[in-house]
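A short reminder: the numbers here are calculations on the coordinates, not readings from a lab. These numbers were taken from a predicted model, which means no experiment stands behind them. Note that each Cβ is placed from the backbone with ideal geometry, even for glycine, and that neighbours are counted across all protein chains shown.
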Amino acid sequence: METELSGGSGASGGSGATGESGASGESGASGGRGVSGASGATGSTETTLREVIEMLAPIERRAGSDGERAAAEWIVSRLEVAGARDSRIEETTFLDGYAPLISALCAAAAAAGGAALWSRRARIPAAAAALAAAGLIADDVSNGPRFARRATQEPKPTQNVVAEAGDPGAERTLVVMAHHDAAPTGAFFDQGGQQWVADHLPGVIERMDTTFPNWWATLAGPTLAGLGALTGRRGLTAAGAAMSALAAAILADIARSPIVPGANDNLTAVATLVALSERLAERPIAGVRLLLVSLGAEEVCQGGIYGFAERHFPEFDRERTWFLNVETVGSPHLVLMEGEGTVVMEDYYDRPFRDLIAREAERSGIPMRRGMRWRNSTDAVIPSRAGYPIATIASMNRFKAMSNYHLMSDTPENIDYATVERAVDLAEAIARALAPTTRS
């Protein structure tokens, strides 16, 4: 007897042209209504998607807040209604960071650069301070040991939602991840510049397969200030100090800005979990257990995922466990991300799993683009570094940005629900493809 990965027929309901590259130009479905409470959705997938997103978007879901907890509690109830088993909250903690912390480090680097310009005696200690700030920023945003967070932050509570679907006795496990917290906005996230480039220099956008390295720009200021102070080059020191001060101001603006509704980022993924649970309750799957996981505190550059990893990774067999990270799937075009890296690009572990996903998309007639990598950080990096096969499905608009990313316009009416439904189709197809088939 031989057991192998199935080349399954995919999920029903897939739409769009066949092919793993080139995105569809379809736009969102019309209509929409709010649904209060965790009442079951017995209609179409789109009805479920709209219900979940419209219910949760008005809740302010800052990491560690009462709103984040309220959202988690609602998701637990809604997954139960959707047919998931053992839907529960797993309490954990996270260390806050991101904008306030990195802003302070950039401000320290700017001050160090200023000190080096003011006094020659201060050059060496100023260089050490600025370069230390650069190192701490790189460590923090790339999910390293996070020395600055550990030294300055106290643990805060957050909530991960975990539920089960599929075959409870299966040896194979597919973990489907989302997150339910939302990010602060800020002037930095305005997409006008990228849209202008797409309108006037479309070839430049089309050749891009990696998002803009925002954190490189943040690191450049402290690094230049430190190197300038170390070498005695006043122009370099002044430039680094000015860039550090600008980065500190930009991040301070983000830190004090309101929390976005987060409909696309990332309630589209939460809705995908609920719709997938309904699909699997209606059409059960054998041979694969699914964990449906909505994580807390993702928007602080990873929080709740650490608690999930500590609790669950020891029970997962790396040869029989796969992760599918669903991240912001409400833009017009579905994308299979190949990797991520705020400082150094890291392809996700196990390319064959991504190849399987591309085959299932093609087989199911789901348009999906490959080859993209992003300079953001997502929860996917943690299981990838732990050696689990993982892939991230996301989405982008015509200028290769996530629609309304970290903007107050990230609201339910601006979601392309056709793309979200394709993400549900693809997630179901992946689960069925991982089910073992037996042949003589």
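Things to note:
- Across the range 97-256, Cα pairs under 8 Å and at least six residues apart give a relative contact order of 43 percent.
- Rounded to 10°, Cα long-axis angle of helix 268-282 versus longest principal axis of the chain: 20 degrees
- Taking a ≥ b ≥ c as the square roots of the eigenvalues of the Cα gyration tensor, an a/c ratio of 1.5 or more together with a/b no larger than b/c marks the range 307-440 as oblate.
- A crude spin-label estimate for the pair residue 344 and residue 359, with each label 7 Å from Cα along the Cβ direction, gives 3.2 nm.
- Label-point separation in nm, residue 408 to residue 156, each point 7 Å along Cα→Cβ: 2.1 nm
- Whole-number percent relative contact order across the chain, with pairs defined as alpha carbons under 8 Å at least 6 apart: 30 percent
- Residue-span extension gain [residue 89 to residue 281] - 0.36 nm each, minus C-alpha spacing: 67.0 nm
- Linear extension gain, residue 217 paired with residue 139, 0.36 nm per residue minus alpha-carbon span: 26.6 nm
- Rounded to whole Å, the principal axis extents of the Cα atoms in the range 39-98 read 41, 26, 16, largest first.
- Among 257, 244, 119: highest mean-square fluctuation, GNM of the chain, C-alpha pairs under 10 Å: 119
- Computed P(r) (all Cα pairs; the chain; 10 Å bins; percent): 5, 21, 31, 24, 12, 5, 2, 0, 0
- Antiparallel bridge percentage (DSSP; both residues within the chain; nearest 5): 55 percent
- Where GluC sites (Glu not before Pro) in DSSP loops with at most 14 other Cβ within 10 Å are excluded, longest remaining stretch of the chain: 1-170
- Taking 158, 231, 210 in turn, the Gaussian network model of the chain (Cα-Cα springs below 10 Å) assigns the largest fluctuation to 231.
- The range 42-97 and the range 141-173 have their alpha-carbon centroids 16 Å apart.
- Rg(Cα)/(2.2 N^0.38 Å) for the range 296-371, N = residue count: 1.27
- Across 336, 295, 136, mean-square fluctuation computed from a Gaussian network of the chain (C-alpha pairs under 10 Å connected) peaks at 136.
- Per-residue ellipticity at 222 nm computed for the chain from its helices equals -13500 deg cm²/dmol, with DSSP H segments shorter than 4 residues left out and the rest contributing -39,500 (n - 2.57).
- Relative contact order of the range 263-359, defined on C-alpha pairs under 8 angstrom at six or more residues apart (%): 34 percent
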